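Q: Right, I'll just put the structure down here and ask away after.
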Amino acid sequence: MQRHRTAILGAAIALTSFLAVGAGAAAGAAGAADSYGSPAMHSSSTPTTKPVIRLQGFAKSPTVRTAETTVNGKMETILVDTQDLPLYYYPADTAKKSLVSGELARLWPPLLSAKPTSSGTQGKLTALKVAAGHQVTYNGHFLYTFIEDSPGHVTGQGVSNFSVATPRLKEIGSATKVATTAPAVSSGGGYGY
């Protein structure tokens with residue numbers, strides 16, 4: 001656990017340093033294009049002393065996409081975010097309100113994006129205004145990540161009654177909510193709220 005937190009902290013520091021160095025280099029190139037073909041971190045064509053970092057142009061990955069991974073010992077196609085983290089939904093949520101708050105929200109951070117995009121899905125992707133920003137929904141279900149997960153590894157299936165989101169997740173309010181694997185039996189990891 002400590003090693004995992006140290007690795008995350010190191011990655012965050014490296015990313016911050018990378019962005020700071022990249023922003024400084026881009027500030028000197030007025031009107032130039034970045035590696036994605038977008039105007040280089042400027043809000044206008046004249047040089048500025050404070051570069052504007054546009055993270056939306058930084059990542060070309062869709063907000064939500066599909067990926068193959070193992071869920072309860074079986075290969076499944078699931079929904080993941082831009083960092084390949086598995087996405088989950090909370091069955092108690094309604095189409096208009098997330099019921100995840102407090103300690104539960106700390107363990108299950110919402111997927112936020114004002115203008116979500118998707119790849120490999122056929123469901124309806126939207127964003128609803130919540131206290132933390134614009135939370136992404138898939139077929140009306142609010143989407144979350146789990147703090148114990150790592151890219152491509154599902155560890156939150158069934159924890160705190162959350163379920164892995166799949167492309168087959170039925171629209172909220174339909175007779176059959178989900179066509180996915182059954183929740184795993186809790187391993188007693190201390191998150192069984």
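Q: Being over 22 Å from T82 (Cβ atoms), at pLDDT 90 or above and open to solvent by 30 Å² or more (accessible area, probe 1.4 Å) is the requirement here; does K170 meet it?
A: Yes, satisfied.
Q: Can I ask one more? Condition (residue is assigned to a strand (DSSP E or B), at pLDDT 95 or above, open to solvent by 50 Å² or more (accessible area, probe 1.4 Å) and under 30 Å from N161 (Cβ atoms)) applied to region 102-111: is it met by at least one residue?
A: No, every residue in region 102-111 fails to be assigned to a strand (DSSP E or B), at pLDDT 95 or above, open to solvent by 50 Å² or more (accessible area, probe 1.4 Å) and under 30 Å from N161 (Cβ atoms).
Q: Of the residues T126, T121, which is out of contact with any Cys (no Cβ under 6 Å at 6 or more places or on another chain), polar (S, T, N, Q) and assigned to a strand (DSSP E or B)?
A: T126
Q: Sticking with this one: Go through region 157-168 and count every residue that is part of a loop (DSSP other than H, G, I, E, B) and more than 13 Å from V100 (Cα to Cα).
A: 6
Q: Could you tell me how many of the residues in region 67-95 are of a type in the set (D, E) and open to solvent by 50 Å² or more (accessible area, probe 1.4 Å)?
A: 2
Q: If you don't mind, there's one more thing I want to ask. Out of (1) touching a residue at least 40 places away in the same chain (Cβ under 8 Å); (2) part of a loop (DSSP other than H, G, I, E, B); (3) hydrophobic (A, V, I, L, M, F, W, C), what's the single condition that is false for L99?
A: (1)
Q: Looking at region 136-156, which of its residues are part of a loop (DSSP other than H, G, I, E, B), hydroxyl-bearing (S, T, Y) and over 10 Å from Y88 (Cα atoms)?
A: T155 - this is the single residue of region 136-156 that is part of a loop (DSSP other than H, G, I, E, B), hydroxyl-bearing (S, T, Y) and over 10 Å from Y88 (Cα atoms).
Q: Kindly list, by first and then second residue, each pair from a residue in region 71-84 that is within 16 Å of S150 (Cα to Cα) to a residue that is assigned to a strand (DSSP E or B) and open to solvent by 60 Å² or more (accessible area, probe 1.4 Å), limited to pairs with Cβ atoms under 7 Å and residues at least 6 apart or on different chains.
A: Sorted first by the residue in region 71-84, then by its partner, the pairs are V80/R65.
The values are calculated or read from the model by the stated rules, or taken from the named source; none is laboratory data. Values in this document were obtained by computation on a predicted structure and should not be read as measured data. So basically every Cβ, Gly included, is an ideal-geometry build from the backbone, and we count neighbours across all protein chains shown. Accessible surface areas use protein heavy atoms only, side chains included; no ligands, DNA or RNA. Shrake-Rupley method; radii C 1.70, N 1.55, O 1.52, S 1.80 Å.
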